[in-house]
1. Just read off the accessible area of E773 with the full protein assembly in place, 1.4 Å probe, to the nearest 10 Å².
2. With every protein chain present, what is the per residue accessible area of segment 652-791 (1.4 Å probe, Å²)?
3. Keeping every protein chain in place, order C342, C603 by accessible area at 1.4 Å, biggest value first, i.e. largest first.
4. For a quick check of understanding: with a 1.4 angstrom probe and all protein chains in place, what accessible area in square angstrom does S545 have, to the nearest ten?
5. From the cross-link list K281/K528; K215/K672; K479/K633; K329/K672; K278/K541; K281/K633, which pairs have alpha carbons spaced over 25 Å apart?
6. Leaving out ligands, DNA and RNA but keeping every protein chain, what accessible area does R317 have, in Å² rounded to the nearest 10, with a 1.4 Å probe?
7. Alpha carbons only, please: Rg and Dmax for segment 490-538, in angstrom.
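The values are calculated or read from the model by the stated rules, or taken from the named source; none is laboratory data. As the structure is a prediction and not an experimental result, all values here were calculated from the model. Calculation scope for accessible area: heavy atoms of the full protein, side chains included, ligands and nucleic acids excluded. Shrake-Rupley method; radii C 1.70, N 1.55, O 1.52, S 1.80 Å.
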Amino acid sequence: HFGSRFRLELARALQRLFQTAAGAATAMPARRAEAVTDTLEGQDAVAAIALVLTQSLQRHSALRRWSEIEDLVAFVEEVQAFLANAFEGGVWPRFYVTSEVVDCPQFEGFVNVILDVARMPALADQKDVLLACMRYINRSKIGDRRVQRFFEQVSTFAATSDDPLRDTAHNPQDGEEEGEIYEFENDQEEEVDDGRDFVTTSLEELHLAPQVVAKVQAYWAEFRRVLGTQQAAGHAIYSALFDASPSIQAMFTTPKGVQAVRFMLGIERMVQLVGEPKALKAQVEQLGFGHLESEVTVPRAVVFRDAILDLMSNACRDTLSADAVAGMKALLNYIGGALIFCRASFAPRLEVLLRSWAMANERRKEAKEGEAKEAGADVHAEDGGDAVGSGDIGVLGGDDNQTSPKESRVKRMLRGFRSRTYGGDSPSMGNADKESAGGKGDSPRGNEGAQGILSGQYVPKTFEEMFLWNAGVTGVRQKDWHTEVLNSFDTMVRNITHPSRFEEECSQLALRISRVSRSGSVELGEFKNLMLAALRSLLPKVWDSSYEVAWTWLWGTCERMLGSMLGSPPEWEEELEFSLRSLDEGQIHDVRSRIYDRFFELCTAGQEFFNQSDSRLHFIMNQVIEMTLQMFKDPWGVTEEISALGLRHVGYGVPADLFGVFVGAAVEVAAKFAPTTEALEAFRWSLSLISRILMRVVSEGSTIVMRAINANSAKQLRKAVACAPRRDRSQWVLNVAVGSESISPLMWAIDQGSLEAADAILQDLLTIRADREHYYYGVDALFARHPDIVQ
């Protein structure tokens, strides 16, 4: 009934109150025993908690799409009306105002109620979804069990005259034995857990009594026996976690068939190591690194833990013991607390890694500039001052795809040093290098270069050079797998803040190392010592203990990932090849058909991208299955093929989300035909890696220009290119590159019949632009990229 201006001013005042409440909540200690002693009562308490609850709902990840509340005043009024039911509709007593009211699992249950209401068809067209949900809850959902549990949690913050700062931790009731954790009567009320069992401030080793360790492992073994197969156990865990809370379903981004097995194997690995505290800590730390991108909180950890415990207790009810459940709960508490701690504590290490690697690459840039100058000087001297030929453009321009006939002095010295130090040819040398180096490393210029490095006449400036130099000084013979790690090292360091991309690169590296080191052992610790020595030499002025710890942690993480995979690819290749070759043509046809049927059943939208003939569809599926085997045989070539395939999918406008559904369908069908679990695991692992590469390429290649071409909209294309700087404008419409593969948006638009977008690209390229210093005209870039564009 107030005027619109008054309501607007009140909304602004509420926003300021939200900011004040947020500052107070941030400054509040973790436990109520140390909380601020000021309290409120009556309507003042209701209003204060309503502000805290409103802010928490707006910030919750599951409700973020509805966080913009247009009528904020009306929403706060509905929240106050909702909270008035917390004390059975009576007057609120003296109350502690703290953000801990909503930092609990019961709040997640209340969020689930909102999500359930939001899915109702009657609310689908509402403009202010959260406001409509609160109104519906106040009318029809106050009696919901999850709402009542939230009210019970809110009521625990009421102050009492005899103990104003009482601890609400669980105290044994009459007749209840101290230390008893679970009772299994069917009519028992579910225990309310505020998540205080999770240690999130440190990561120490977990020590359990030997008899508890034995019972936990027996408990897990019984659970596996009851479920039958690894796939059944994995799917049961996945379903239990997925259905436990709608608010965490957004965290499940990996295909179900893949993620289910990951859950099962991950928990099984932890159970196996529960009696080895040091190894368990390392494994949990690695798991924490893999969850850096996930918003792991105590309430969500409680949901995960309780879902797994409930699943296991229902499956093993006949053989259940209190010690086994207590031990499993302690293990899951340890894992949950470690994930939260790692997410908070790894940030300084990641900052040190990225900063120091950027400093090391500054030296690389300086070395490249010096190399280009020396190459130009050498060419000028040997050619008698003639103009630089076209063969030198690759060196001067930094294009790795072109080679110069006049090799720089730095490269000659480094090649000679490799040959002298390691004997024979370096694995990374091509045919031209071998000939110019004298085949066996006895080139006089090569020896002079090596002696120059060793005598200090030339100081290595890049990480690779310094790594090789330290290897030569310490007498470590270079191995083929050293070269593979060096080729992937820059990508791994730059993606250390993206665990999924880091894991993808480690998986590819494990495949490549397995191929080049089949006849010899791989000592990963050998690389660590040379890596640290090289970095210390490159960064002598800033290197300290924090750098040592960060880089040691990085290689330790990489070593654990590689160590868990290195022995498997050769065995997986053998099993998968035997399984595929043992199927006759009829069985293969049946597999292909079932995968499509299952995929279309899971995702009907995928049918729009498979509108080819039946024979063409079977050809595509046959290529996919064959690629899973070729990934083990030729990881270098298959990776390039996948990158090119991903760029074609960018042109087709295929959403990246469909790849995960496709993998899940393929794994489900393969589980029915695979003769052994090893063959199924090989197929699952290889197809999962292929899908991750494809999803990355599609995500990186789906530029706004490509999206405009897929829509065949000249207006969208002009709008997209307007975002580009003048000097890069032509490249935006002529080249989209991911890794070593590239695609031309202009040619793709012509080939696919998006002529409206192609016409807009040509008009943009042939438009002259200028700034204060340069003119920009795209015709040269057009003919450099497509010399045959005009015929």
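1. 150 Å²
2. Roughly 51 Å² per residue, with all protein chains present.
3. On the way: C342 0, C603 20 Å².
Heavy-atom accessible area, descending, gives C603, C342.
4. Per-residue accessible area (S545): approximately 90 Å².
5. Working: K281/K528 21 Å; K215/K672 33 Å; K479/K633 20 Å; K329/K672 34 Å; K278/K541 34 Å; K281/K633 35 Å.
Check vs 25 Å cut-off fails for K215/K672; K329/K672; K278/K541; K281/K633.
6. Accessible surface of R317 is approximately 120 Å².
7. Reported Rg and Dmax, both Å: 12.9, 34.
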